[in-house]
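Asker: Pasting in a structure now, in structure tokens, and then I'll have a few things to ask.
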Amino acid sequence: MSSTNNTLPEAQIGALFDALLLPMSERLGDGGMPAFPLAPDVMRLSYYVRRHRSAPIRADFVSASCSDVAELAQKLAEHWTALGRAELASQAGMFAELAGALRQARLASSSAGDQADVSPYVYAMF
């Protein structure tokens, strides 16, 4: 897909950021809780986690993380709820719908003749 292709729902992405993420981040900051960790957790002795398996198995490569938009919304909501981000979890459906729209736009552009391969003339742009 061309980076200059304007068929993606860019207005939806901007609206999601402006109407949801930015105000949510500001509310968190006003409450003294940053949206993202700003430093390592000093209470943790180590971030090292011992792996249960040392080699991948076939399922690691073939299992889908989400089969559709509804499952993505469910998994996002579960993840954000587990992190204590209830406000974000309540909006998981909106994120999943946008992901679905982006996927459809990508599929439409690739079926419309856009090439997935990088143009041999890309080096000339740099």
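The values are calculated or read from the model by the stated rules, or taken from the named source; none is laboratory data. Note that the structure is predicted; figures quoted are calculated from it, not measured. In this analysis, Cβ positions are derived from the backbone assuming ideal geometry, glycine residues included, and neighbour counts consider all displayed protein chains. Ligands, DNA and RNA are excluded from the accessible area calculation, which covers all protein heavy atoms including side chains. Shrake-Rupley method; radii C 1.70, N 1.55, O 1.52, S 1.80 Å.
Asker: Would you mind computing, in nm to one decimal, how far apart the modelled labels at MET24 and LYS75 are, each placed 7 Å from Cα along Cα→Cβ?
Answerer: Each label point is offset 7 Å from its Cα along the Cβ direction, giving 1.8 nm.
Asker: I've got another one for you. Separation between the ASP68 and LEU102 pseudo-spin-labels, each 7 Å from Cα along Cα→Cβ, expressed in nm?
Answerer: Spacing of the two 7 Å Cα→Cβ label points: 2.1 nm.
Asker: Loop only by DSSP, 16 or fewer other Cβ within 10 Å of the Cβ. Give me the chymotrypsin sites (Phe, Trp or Tyr not before Pro) in the stretch 1-106 that pass, ordered by residue number.
Answerer: Counting only loop positions with at most 16 other Cβ atoms within 10 Å, the chymotrypsin sites (Phe, Trp or Tyr not before Pro) in the stretch 1-106 are TYR47, TYR48.
Asker: How would LEU107, LEU98 rank on accessible area, largest to smallest, probe 1.4 Å?
Answerer: Result of the area sort, largest leading: LEU107, LEU98.
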